[in-house]
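Right, one structure below, let's go through it.
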Amino acid sequence: MTENIRQRFDDRGQVGIGTLIVFIAMVLVAAIAAGVLINTAGFLQTKAEQTGEESTAQVSNRLTVVSGFGNVTDAETVDYVNLTVMRGSGADDINLSSATIEWVGPREAETLTEVPESELDGGTAGFNVTEIKDTDGSLPVLNDQSDRFSLSMHAPTIAGSGNGLGEGSEVQLKLTTQYGAVTFYQADVPPSVNGESAVTV
């Protein structure tokens, strides 16, 4: 009788230890799974925040083209195309030395970067930045909503033929800031520039 009781207690003890081992294993697996989930969630949150910030910057940190004009030569073509630009509403500081302009014109397509003024008509396709209104001398960075800078492009150099833009010519311009924000502008030379020294484009 005593032996039977002792045997039953030994069996229960073995079952209890087995159950405890299984329980501890389940707790460890759950803890590892929870750690993986927390790490994954943190990674995804960081990526989502980064993507959101970049998307916001691409939308808001744009240039606004205030106006455009072209310089008319004696041959009645436009040689210099000049755009007056400012920061878009709500935009951060925009460094125009890091910007690009894609020029798609009547005869040529070029991606332009900033060059010194002396190189504009010296065989280097690019654009030059000068200040129109710059209260704190931040050129070439637009860091105030009142800043106005001029972007100048030499059409004969960009076209590669030595010729300017003729009457009725159209040029598609895509201005991209360092944030990836894009502004489109179409420069249209009037059908007639006879007798003009400068025209709106």
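The values are calculated or read from the model by the stated rules, or taken from the named source; none is laboratory data. Owing to the predicted nature of the structure, the values given are computational and were not obtained by experimental measurement. Don't worry about glycine lacking a Cβ; one is built from the backbone with ideal geometry, like all the others, and counts go over all protein chains shown.
Within the range 91-112, the set of residues being assigned to a loop (DSSP other than H, G, I, E, B) and more than 26 Å from Gly168 (Cα to Cα) comprises Ala91, Asp92, Asp93, Ala99.
Looking at Glu108, is it modelled with pLDDT under 95, surrounded by 13 or more Cβ atoms within 10 Å (Cβ to Cβ) and of a type in the set (D, E, K, R)? Taking the combined requirement at face value, the residue satisfies it.
Mind checking whether some residue in the range 10-17 is modelled with pLDDT of 70 or more, over 30 Å from Gly180 (Cβ atoms) and either under 45 Å from the mean Cα position of the chain (by Cα) or part of a helix (DSSP H, G or I) (or both)? Among the residues of the range 10-17, at least one is modelled with pLDDT of 70 or more, over 30 Å from Gly180 (Cβ atoms) and either under 45 Å from the mean Cα position of the chain (by Cα) or part of a helix (DSSP H, G or I) (or both), which makes the answer yes.
Ser118 - would you say it is exposed (fewer than 15 other Cβ atoms within 10 Å of the Cβ), assigned to a helix (DSSP H, G or I) and not aromatic (Phe, Trp, Tyr)?
Yes, satisfied.
List the number of the failed condition for Glu167; all other conditions in (1) among the acidic types (Asp, Glu); (2) more than 20 Å from Asp74 (Cβ to Cβ); (3) not in a strand (DSSP E or B) hold. Evaluating Glu167 over (1) among the acidic types (Asp, Glu); (2) more than 20 Å from Asp74 (Cβ to Cβ); (3) not in a strand (DSSP E or B) leaves (2) as the failure.
Consider the range 147-175 and keep the residues that are without any contact (Cβ under 8 Å) to a residue 40 or more places away in the chain and surrounded by fewer than 17 Cβ atoms within 10 Å (Cβ to Cβ). The one that is nearest to Gly123 (Cα to Cα) is Gly162. Selection over the range 56-107 of residues that are among the charged types (D, E, K, R), more than 21 Å from Lys133 (Cβ to Cβ) and under 24 Å from the mean Cα position of the chain (by Cα) gives a count of 1. Checked against (1) among the aliphatic types (A, V, I, L, M); (2) surrounded by 18 or more Cβ atoms within 10 Å (Cβ to Cβ); (3) under 20 Å from Asp79 (Cβ atoms), Leu142 meets all criteria but (3).
Does Asp79 satisfy the criteria of being exposed (fewer than 10 other Cβ atoms within 10 Å of the Cβ), at pLDDT 90 or above and farther than 21 Å from Leu142 by Cα? So Asp79 fails the test.
Report the residue count in the range 121-139 for those that are of a type outside the set (S, T, N, Q), touching a helix residue (DSSP H, G or I) at 6+ places or on another chain (Cβ under 8 Å) and either surrounded by fewer than 18 Cβ atoms within 10 Å (Cβ to Cβ) or in contact (Cβ under 8 Å) with a residue 40 or more places away in the chain (or both). I'd like the intermediate steps shown before the answer.
If we filter the range 121-139 for residues that are of a type outside the set (S, T, N, Q), which is where we start, we get 121-123, 125-127, 129, 131-134, 136-137, 139.
This time we only want the ones that are touching a helix residue (DSSP H, G or I) at 6+ places or on another chain (Cβ under 8 Å), so: 121-123, 125-126, 129.
Those left that are additionally either surrounded by fewer than 18 Cβ atoms within 10 Å (Cβ to Cβ) or in contact (Cβ under 8 Å) with a residue 40 or more places away in the chain (or both): 121-123.
Residues meeting the conditions: 3.
Could you list, in sequence order, the residues of the range 170-201 that are of a type in the set (S, T, N, Q), in a loop (DSSP other than H, G, I, E, B) and within 28 Å of the chain's Cα centre (by Cα)? Reasoning before the result, please.
From the range 170-201, those of a type in the set (S, T, N, Q) are 172, 176-178, 183, 186, 192, 194, 197, 200; that's our starting set.
Filter once more, so that each one left must be in a loop (DSSP other than H, G, I, E, B): 177-178, 192, 194, 197.
The answer is Thr177, Gln178.
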